[in-house]
Amino acid sequence: GDSVTQTEGPVTLSEGTSLTVNCSYETKQYPTLFWYVQYPGEGPQLLFKVPKANEKGSNRGFEATYNKEATSFHLQKASVQESDSAVYYCALRTGGYKVVFGSGTRLLVSP
Amino acid sequence: EAAVTQSPRNKVTVTGGNVTLSCRQTNSHNYMYWYRQDTGHGLRLIHYSYGAGNLQIGDVPDGYKATRTTQEDFFLLLELASPSQTSLYFCASSDATGGDTGQLYFGEGSKLTVL
């Protein structure tokens, strides 16, 4: 079946350092890929999506490129802020509108 | 902005108890989803639906029933609750039309404790 595997957390960084959260996926269908972010006490919310292979998505300084050959969709940010502390989820949606999430990566940024 | 409302927000029951979690979305979205969130497992799909009367099986359906009574309302039913079903449950909705990003809009979650 469809699955998503991402970096285990927590990931602890200092402000101003760079972030990479790895995400790989498996599906036999053509996926649309998403990154979601979840803050304490809230439901997840969309960070950005990339519907097409070899395209990049970005929002709030975060970006990811949909690499179809490597079946990867790694999240990156050049310089993290304390306000970026949250849980990040990689997700894929297939043609039947089933949406599968990874296990989430907790990011802790210290000032 | 999409609005998804879940109730109850907190529920405590005993083993063998009967629980219904409710979800209502007011944005005329076609798709609705139920997930459970557990540490180390992230969000796992229980059931989803693309319209009233429709039900699709997710990845962790055992012990759960669901029913979509209208386009707005999607219910998750635990008829014989077990401690392993203690979790934070999220409902979400999505528009399947081409104009939307296809993103999921989540509710605030329902925390269920089974003693």
Can we say residue A:13 is modelled with pLDDT of 95 or more, out of contact with any Asp or Glu (no Cβ under 8 Å at 6 or more places or on another chain), of a type outside the set (Phe, Trp, Tyr) and surrounded by 15 or more Cβ atoms within 10 Å (Cβ to Cβ)? yes
Let me spell it out: the conditions are (1) out of contact with any Phe, Trp or Tyr (no Cβ under 8 Å at 6 or more places or on another chain); (2) surrounded by fewer than 19 Cβ atoms within 10 Å (Cβ to Cβ); (3) hydrophobic (A, V, I, L, M, F, W, C), and residue B:77 meets all of them except one. Which number is the exception? (1)
Evaluate segment A:42-56: report whether one residue or more is in contact (Cβ under 8 Å) with a residue 60 or more places away in the chain and part of a loop (DSSP other than H, G, I, E, B). no
Would you tally the residues in segment B:53-70 being over 12 Å from residue B:33 (Cα atoms) and either surrounded by fewer than 14 Cβ atoms within 10 Å (Cβ to Cβ) or in contact with a Ser or Thr (Cβ under 7 Å, 6 or more places away or on another chain) (or both)? 5
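Which one is farthest from residue B:49 (Cα to Cα), of the residues in segment A:78-111 that are among the charged types (D, E, K, R) and surrounded by 20 or more Cβ atoms within 10 Å (Cβ to Cβ)?
If we take residues in segment A:78-111 being among the charged types (D, E, K, R) and surrounded by 20 or more Cβ atoms within 10 Å (Cβ to Cβ), then A:93 is farthest from residue B:49 (Cα to Cα).
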Do you know which residues across segment A:60-97 are within 14 Å of chain B (Cβ to nearest Cβ) and under 23 Å from residue A:30 (Cα atoms)? A:88, A:89, A:90, A:91, A:92, A:93, A:94, A:95, A:96, A:97
Being part of a loop (DSSP other than H, G, I, E, B) and within 13 Å of residue A:13 (Cα to Cα) is the filter here, so list the residues in segment A:65-85 that pass it. A:78, A:79, A:80, A:81, A:85
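Looking at A:77, A:68, A:98 in this structure, which one is over 30 Å from residue B:48 (Cα atoms) and either modelled with pLDDT under 95 or among the basic types (Lys, Arg) (or both)?
A:77
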Just checking, how many residues over segment A:1-30 are within 23 Å of residue B:105 (Cβ to Cβ) and within 11 Å of chain B (Cβ to nearest Cβ)? 3
Give all pairs with beta carbons closer than 6 Å in which a residue from segment B:16-38 that is within 14 Å of another protein chain (Cβ to nearest Cβ) meets a residue that is part of a strand (DSSP E or B) and of a type in the set (D, E, K, R); count only pairs at least 6 apart in sequence or on separate chains. B:36/B:44
Can you name every residue in segment B:84-107 that is modelled with pLDDT under 95 and not in a strand (DSSP E or B)? B:95, B:96, B:97, B:98, B:99, B:100, B:101, B:102, B:103, B:104
Test result for residue B:94, buried (at least 19 other Cβ atoms within 10 Å of the Cβ), within 13 Å of chain A (Cβ to nearest Cβ), hydroxyl-bearing (Ser, Thr, Tyr) and touching a strand residue (DSSP E or B) at 6+ places or on another chain (Cβ under 9 Å): yes
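The values are calculated or read from the model by the stated rules, or taken from the named source; none is laboratory data. The structure displayed is predicted, hence computed values, not measured ones. Cβ coordinates were reconstructed from backbone atoms using ideal geometry, including for glycine residues, and neighbour counts include every protein chain displayed.
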